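Peer 1: I have a structure here, written as structure tokens, and I will follow up with some questions on it.
The values are calculated or read from the model by the stated rules, or taken from the named source; none is laboratory data. Predicted, not measured: the structure shown is a model, and the values here were computed from it. Cβ placement follows ideal geometry from the backbone for every residue including glycine, while neighbour counts extend to all protein chains displayed. Areas reflect the complete protein model, heavy atoms only, side chains present, ligands, DNA and RNA absent. Shrake-Rupley method; radii C 1.70, N 1.55, O 1.52, S 1.80 Å.
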Amino acid sequence: MTILIVDGKEIDVPAEYTLLQACEAAGAEIPRFCYHERLSIAGNCRMCLVEVKGGPKPVASCAWGVRDCRPGPKGEPPEISTRSPMVKKAREGVMEFLLINHPLDCPICDQGGECDLQDQAMGYGVDTSRFAENKRAVEDKYLGALVKTSMNRCIQCTRCVRFSAEVCGAPEMGATGRGEDMEITTYLESALTSELQGNLVDICPVGALTSKPYAFAARPWELGKTQSVDVMDGVGSSIRVDTRGREVMRILPRINEAVNEEWISDKTRHVVDGLRTQRLDRPYIRENGQLRAASWQEAFAAIAAKVGRIDGKRIGAIAGDLAAVEEMFALKELLAKCGSANLAVQGGEAFDPKAGRASYIFNPTIAGIDQADVLLIVGSNPRKEAAVFNARIRKRWRSGQLKIGVIGAKADLTYGHDYIGAGTDSLSDLAAGKHSFADVLKAAKNPVVLVGAGALARQDGAAVLALAAKLASDVGAIKDGWNGFGVLHETASRVGALDIGFAAGAGGLNAAQMTTFGTLDVLFLLGADEIKAPDGTFVVYIGTHGDRGAHRADVILPGAAYTEKQGLFVNTEGRVQTANRAAFPPGEAREDWAIIRALSDVLGKKLPFDSLGALRQALFKAVPHLMRVDQIEAGNAADLKTLGGKGGSVEKAPFKTLVEDYYLTNPIARASAVMAECSRLASGHMLTAAE
């Protein structure tokens with residue numbers, strides 16, 4: 001630790017701190033444009049100037065280390081001033097230079113009200129300029145469907161360049177020219193390819209990069225702000241939903257160091273227009289092969305007429321990717337009252353809730369990747385399945401302390417890795433110690449074995465899971481103080497469904513059996529759109545969009561999207577999170593749990609709760625750990641030893657990437673025009689790369 005005196009206040013800070021960090025630790029406010037705590041230091045805006053006692057001129061505090069400060073002539077601690085006349089004059093000079101070429105766009109700039117340049121010009125700007133020459137003009141660049149450019153406003157802080165190269169792992173931005181001719185641009189002015197490019201808008205300190213889909217839509221002070229969580233993947237990123245009236249206008253990230261740091265994926269951010277289009281806003285009944293609008297009473301009566309005269313064992317339910325825990329619990333209770341144990345969640349066949357929580361969560365935790373030193377990825381493409389988590393893996397890899405091995409389809413994961421093989425043969429060889437990477441895993445202090453959807457969404461998924469658990473146990477990934485076995489789920493609902501036992505019970509059918517011709521008479525789809533129901537089965541679809549599930553349904557009951565209801569979600573690491581209601585469902589649509597509760601009354605199987613609070617009481621009584629919001633109930637490592645001993649025969653087929661099109665993975669995304677355009681650009685990029 002090093003002692004400094006900042007504005008007369010003595011502080012003790014680590015020697016590796018920069019002066020900017022030291023000054024902020026002392027409570028001083030340091031303006032900056034180019035410095036960002038998650039990016040490398042550029043030191044090119046000069047706004048963070050401070051005075052070091054004895055120095056001839058002010059220094060850039062972001063690029064000056066605490067260990068570079070010399071003590072006084074008698075050994076006294078270095079003195080730093082952040083408010084001296086020299087500092088004030090220097091900062092005002094820098095601000096004047098920055099504003100020389102900056103256009104007076106504030107009234108038409110989307111960054112207005114959230115702009116670092118506006119805020120700091122209030123503190124350090126002057127009301128006149130001594131610069132009489134013409135302002136420079138820079139041509140706007142094309143960056144794709146998500147980021148809009150107005151490069152006249154650019155102050156060359158290079159945050160976007162560093163973010164693209166360091167966080168995204170797609171170094172597609174850079175600077176050309178020098179001095180007044182310097183311009184930030186993309187390589188050959190083509191669209192950006194990263195799944196995190198929307199974050200460029202957040203880190204740009206001026207209005208040079210703004211959101212293209214949100215352009216000229218609203219001002220920040222018009223919007224209501226609701227804290228919630230994302231359901232586009234299994235990470236559960238913390239988000240803020242901004243609404244105007246009944247309409248969701250935009251989605252922004254919230255800082256959560258344990259989950260998403262301060263980034264969100266492009267699908268999370270720009271799926272907003274999908275919440276407005278192709279919405280189901282009233283019940284429908286299929287008559288003579290055609291769907292017609294109906295009242296709630298008619299829809300319930302049609303279901304009751306069908307359910308009332310069949311055996312409960314011929315009723316089943318499948319939950320989709322975006323279902324909250326409460327509605328799955330209500331549906332499970334309703335089927336139990338009907339005498340059915342036919343339950344499944346999309347993509348959950350490989351998991352058995354009775355095998356223990358450790359068998360289906362990401363035990364090392366998302367933040368735990370920062371301690372890992374070897375990572376084995378089995379049948380997963382984290383870049384497509386969990387883009388924000390992939391950025392965290394890349395961050396650890398860039399530190400030089402993480403070796404990565406991959407078994408599965410070849411892909412550009414944005415970080416260097418050893419490609420071990422394509423399928424179960426390679427996994428078996430690794431488990432038998434026949435591959436050199438097995439020695440790397442055994443020598444590691446904190447190894448992680450990550451199993452993804454591509455390995456588990458197969459007929460032999462349970463056997464692959466058992467083999468991976470055995471491998472993790474054999475290489476020492478499961479020990480006191482460290483559980484390195486983790487499942488990376490690509491959906492928001494799966495862990496919550498497994499927590500409450502929304503899976504085939506004793507004598508129950510799984511999803512594959514339920515979708516076999518002739519096994520069921522009635523099938524409830526709770527937002528399950530990736531399921532192909534067989535002919536002859538009466539399908540009741542509870543969901544939000546006119547997607548695949550609604551096209552096949554005999555009765556459609558309109559539900560609420562994740563921004564329109566309160567609900568619990570459990571992310572891939574087992575963290576319980578709360579989504580809050582930011583808007584209301586359209587038309588006659590209702591919250592899903594309320595639909596199931598009302599239906600239970602009509603069926604004569606009345607559920608014992610009339611409010612969300614009462615439902616949650618019953619839920620917490622059945623599964624107590626769900627009441628501990630933002631906490632992780634750790635799995636029992638002993639369960640993994642048992643899981644590893646189960647064995648099972650595995651197929652020889654190679655693992656496939658489950659997420660073929662990152663932008664179109666769920667009904668909301670498929671309804672979004674922005675996501676469709678991103679998908680088109682991405683497929684064009686892939687074709688170009690293949691050529």
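Peer 1: Wholly within the range 463-574, which helices (runs of 4 or more DSSP H) include no fewer than the required count, namely at least 2 residues that are modelled with pLDDT of 90 or more, buried (at least 24 other Cβ atoms within 10 Å of the Cβ) and of a type in the set (Gly, Ala, Ser)?
Peer 2: 494-499
Peer 1: For the range 123-141, which positions are among the aliphatic types (A, V, I, L, M) and open to solvent by less than 70 Å² (accessible area, probe 1.4 Å)?
Peer 2: Residue satisfying the conditions is 138 alone.
Peer 1: When you look at residue 192, is it closer than 30 Å to residue 222 by Cα, surrounded by 19 or more Cβ atoms within 10 Å (Cβ to Cβ) and touching a strand residue (DSSP E or B) at 6+ places or on another chain (Cβ under 9 Å), yes or no?
Peer 2: Here the answer is no, as residue 192 does not meet what is asked.
Peer 1: Might you let me know whether the range 487-506 holds any residue that is in contact with a His (Cβ under 8 Å, 6 or more places away or on another chain), of a type in the set (A, V, I, L, M, F, W, C) and within 28 Å of residue 364 (Cβ to Cβ)?
Peer 2: Yes - at least one qualifying residue is present in the range 487-506.
Peer 1: Right, here's the next one. I need the full set of residues from the range 218-237 which are without any contact (Cβ under 8 Å) to a residue 40 or more places away in the chain and not aliphatic (A, V, I, L, M), in order please.
Peer 2: 222, 225
Peer 1: Quick one: is residue 669 surrounded by 18 or more Cβ atoms within 10 Å (Cβ to Cβ) and closer than 22 Å to residue 211 by Cα?
Peer 2: yes
Peer 1: To continue, here is another question. Please enumerate the residues belonging to the range 109-155 that are touching a residue at least 60 places away in the same chain (Cβ under 8 Å), outside any loop (DSSP other than H, G, I, E, B) and of a type outside the set (Asp, Glu).
Peer 2: Of everything in the range 109-155, those that are touching a residue at least 60 places away in the same chain (Cβ under 8 Å), outside any loop (DSSP other than H, G, I, E, B) and of a type outside the set (Asp, Glu) turn out to be 117, 120, 123, 124, 147, 148, 149.
Peer 1: Hey, can you tell me all the residues within the range 10-21 that are surrounded by 13 or more Cβ atoms within 10 Å (Cβ to Cβ) and out of contact with any helix residue (DSSP H, G or I) (no Cβ under 9 Å at 6 or more places or on another chain)? Can you show your working first?
Peer 2: First, the residues of the range 10-21 that are surrounded by 13 or more Cβ atoms within 10 Å (Cβ to Cβ): 11, 13, 17-21.
Correct list: 20 only.
Peer 1: While we're on this one: Report, by residue number, each residue of the range 25-35 that is of a type outside the set (A, V, I, L, M, F, W, C) and more than 22 Å from residue 125 (Cβ to Cβ).
Peer 2: 27 - this is the single residue of the range 25-35 that is of a type outside the set (A, V, I, L, M, F, W, C) and more than 22 Å from residue 125 (Cβ to Cβ).
Peer 1: I'd like to verify a number: residues in the range 156-177 that are assigned to a loop (DSSP other than H, G, I, E, B) and out of contact with any strand residue (DSSP E or B) (no Cβ under 6 Å at 6 or more places or on another chain), how many?
Peer 2: Adding up the residues that qualify gives 6.
Peer 1: Name every residue in the range 250-289 that is aliphatic (A, V, I, L, M), closer than 14 Å to residue 199 by Cα and in contact with a strand residue (DSSP E or B) (Cβ under 6 Å, 6 or more places away or on another chain), in order of residue number.
Peer 2: Of the residues in the range 250-289, the ones aliphatic (A, V, I, L, M) are 251-252, 255, 258-259, 264, 271-272, 275, 280, 285.
Checking the rest, the ones that are also closer than 14 Å to residue 199 by Cα come to 251-252, 255, 264.
If the condition is that a residue be aliphatic (A, V, I, L, M), closer than 14 Å to residue 199 by Cα and in contact with a strand residue (DSSP E or B) (Cβ under 6 Å, 6 or more places away or on another chain), then 251, 252, 264 are the ones that fit.
Peer 1: What strands (runs of 3 or more DSSP E) lie completely within the range 237-317 and have 1 or more residues being of a type outside the set (Gly, Ala, Ser), within 23 Å of residue 594 (Cα to Cα) and open to solvent by 10 Å² or more (accessible area, probe 1.4 Å)? I'd like the intermediate steps shown before the answer.
Peer 2: Details: elements: 238-244, 247-253, 284-287, 290-293.
Strands (runs of 3 or more DSSP E) meeting the threshold: 247-253, 284-287, 290-293.
Peer 1: Which pairs have Cβ atoms under 9 Å, sit 6 or more apart or on different chains, and link a residue in the range 343-354 that is over 13 Å from residue 514 (Cα atoms) and in contact (Cβ under 8 Å) with a residue 60 or more places away in the chain to one that is among the basic types (Lys, Arg) and surrounded by fewer than 24 Cβ atoms within 10 Å (Cβ to Cβ)?
Peer 2: These pairs meet every condition: 350/458.
Peer 1: Being of a type in the set (Lys, Arg), surrounded by 14 or more Cβ atoms within 10 Å (Cβ to Cβ) and in a helix (DSSP H, G or I) is the requirement here; does residue 641 meet it?
Peer 2: Considered against the rule, which asks whether it is of a type in the set (Lys, Arg), surrounded by 14 or more Cβ atoms within 10 Å (Cβ to Cβ) and in a helix (DSSP H, G or I), residue 641 comes out as yes.
Peer 1: Considering (1) of a type in the set (Gly, Ala, Ser); (2) touching a strand residue (DSSP E or B) at 6+ places or on another chain (Cβ under 7 Å); (3) at positive phi, say which one residue 65 fails and leave the rest.
Peer 2: (3)
Peer 1: Another question about this same structure. Please work out which one of (1) under 27 Å from the mean Cα position of the chain (by Cα); (2) within 30 Å of residue 458 (Cβ to Cβ) is the condition residue 517 fails and give its number.
Peer 2: For residue 517, the exception is condition (1).
Peer 1: Give me the residue from the range 652-665 that is over 17 Å from residue 411 (Cα atoms) and touching a Gly at 6+ places or on another chain (Cβ under 8 Å) and, out of that set, least open to solvent (accessible area, probe 1.4 Å). Walk me through how you get there before you give the answer.
Peer 2: Filtering the range 652-665 for residues over 17 Å from residue 411 (Cα atoms) gives 652-653, 664-665.
If we keep only those that are touching a Gly at 6+ places or on another chain (Cβ under 8 Å) as well, we get 652-653.
Working: 652: 153, 653: 46 Å².
Ranking the candidates gives 653 first.
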